[in-house]
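Where a number appears in this text, it was derived from the coordinates with a stated rule and is not lab data. Predicted, not measured: the structure shown is a model, and the values here were computed from it. Cβ placement follows ideal geometry from the backbone for every residue including glycine, while neighbour counts extend to all protein chains displayed.
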Amino acid sequence: MGWRALLRVVDFQSLLSSQPLVASALEKAQHAGGPKSPEAKALRESYYLLAKVLWTRRASIRRIHDLAWLDHTVVSAGARLGRVWENSDGSRSIRAAEETLPPGISPELFPQEGSNWIEVPVQAFSGISPNVKLERGVSNPFRVGIVPEVRLRPWYEAVTTAKFKAPPAAVSVLGEIEALIAAARRAGGSSVALVFAASSFEDRLAE
């Protein structure tokens with residue numbers, strides 16, 4: 001069983017307005033590998049995902065997971081606003097960071113069970129809600145945490161304090177969270193959030 005996780009600063013206003021960019025990437029992928037290539041298929045699905053979330057104003061755990069990875073790999077691929085952890089070593093580091101953070105704050109970014117919804121302002125069409133509802137929590141095989149802009153300051157303070165007593169395995173994760181929160185606060189904007197998007201998957205070994 002494989003595992004990977006992404007910690008990333010996501011500007012949901014920018015991400016959910018990125019259909020033209022994704023459409024351009026899709027066109028290039030179709031020219032390069034054909035309309036049925038894996039890359040073209042993934043980009044086509046991403047294009048429709050953006051449309052669905054923008055129109056329904058809701059994004060489930062699975063959709064948040066996919067949106068965060070879309071932002072990381074396509075929409076804002078050149079921005080150093082995220083880091084990936086993989087497999088058992090990465091999982092141990094994330095777990096160590098979770099256990100070091102205060103229990104009253106950790107589940108926002110590293111949920112253990114259940115789910116809840118938060119709202120983030122994203123402007124779109126006139127006449128519809130100015131907010132998008134985002135689900136964070138656990139829905140196997142996906143785990144998604146979201147720290148909205150209004151919670152970034154207390155999170156920064158908690159992480160800075162936790163680093164002093166953190167075990168070695170947790171230090172790199174906490175340092176990354178600290179740096180990403182600082183970047184998010186510099187970016188400003190109420191649609192900015194820190195997102196954790198993790199998933200487990202079956203390893204496919206070549207026969």
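How many angstrom separate the Cα center of the stretch 102-148 from the Cα center of the stretch 1-59?
19 Å
Divide the volume of the convex hull of the Cα atoms of the stretch 1-113 by its number of residues and quote the answer in cubic angstrom per residue. All intermediate terms of the calculation are to be shown ahead of the outcome.
Details: hull volume 15.5 nm³, N = 113.
Dividing the Cα hull volume of the stretch 1-113 by its residues yields 137 Å³.
Per 10 Å bin, what is the whole-percent P(r) computed from every C-alpha pair distance within the stretch 2-201?
Spelled out bin by bin, the stretch 2-201 gives 9, 35, 36, 16, 4, 0 percent.
Quick one: how many lysine pairs in the chain have C-alpha atoms under 27 angstrom apart, if they're 8 or more apart or on different chains? Please list the in-between numbers first.
On the way: Lys28/Lys36; Lys28/Lys41; Lys28/Lys52; Lys36/Lys52; Lys41/Lys52; Lys41/Lys133; Lys52/Lys133.
Lysine pair count for the chain: 7.
What angle do you read, to the nearest 10 degrees and between 0 and 90, between the alpha-carbon axis of helix 87-100 and the longest principal axis of the chain?
Once rounded, one gets 50 degrees.
What FRET efficiency comes out for the pair Trp55/Trp117, r = Cβ-Cβ distance, R0 = 22 Å, nearest 0.05? Please list the in-between numbers first.
Values: r = 17 Å, r/R0 = 0.79.
That gives a FRET efficiency of 0.80.
Rank Ile118, Ile64, Ile128 by mean-square fluctuation in a GNM of the chain with C-alpha springs under 10 angstrom and give only the top-ranked residue.
Comparing Ile118, Ile64, Ile128 in the GNM, the peak value goes to Ile128.
For the chain, modelled as a Gaussian network with Cα springs under 10 Å, which listed residue fluctuates most, Ser139, Ser37, Ser91?
Comparing Ser139, Ser37, Ser91 in the GNM, the peak value goes to Ser37.
Enter the angle in degrees (range 0 to 90, nearest 10) between the Cα long axis of helix 19-33 and the first principal axis of the Cα atoms of the chain, meaning the one along which they spread out most.
For helix 19-33, the angle is close to 70 degrees.
Report, to the nearest 10°, how far helix 38-56 tilts away from the longest principal axis of the Cα atoms in the chain, using its own Cα long axis and a range of 0 to 90°.
80 degrees
Explain nothing, just compute: Karplus ³J(HN,Hα) = 6.51 cos²θ - 1.76 cosθ + 1.60, θ = phi - 60°, for every residue of the stretch 192-199 in order, whole Hz, x for Gly and Pro.
Those phi angles translate into 8, 8, 9, 10, 10, 10, 10, 7 Hz.
For the residue pair Ser37 and Ile128, what label-to-label distance in nm results when each label sits 7 Å from Cα along the Cα-to-beta-carbon direction?
In this crude spin-label approximation the distance works out to 3.1 nm.
How high is the relative contact order of the chain, in percent, with contacts defined as C-alpha pairs under 8 Å that are six or more residues apart? Present the calculation step by step, with values, prior to reporting the outcome.
On the way: 349 pairs, mean separation 69.3, N = 207.
Computed over the chain, the figure is 33 percent.
Most mobile of Lys163, Lys52, Lys41 per a Gaussian network model of the chain (Cα springs, under 10 Å)?
Result: Lys41 has the largest fluctuation of those listed.
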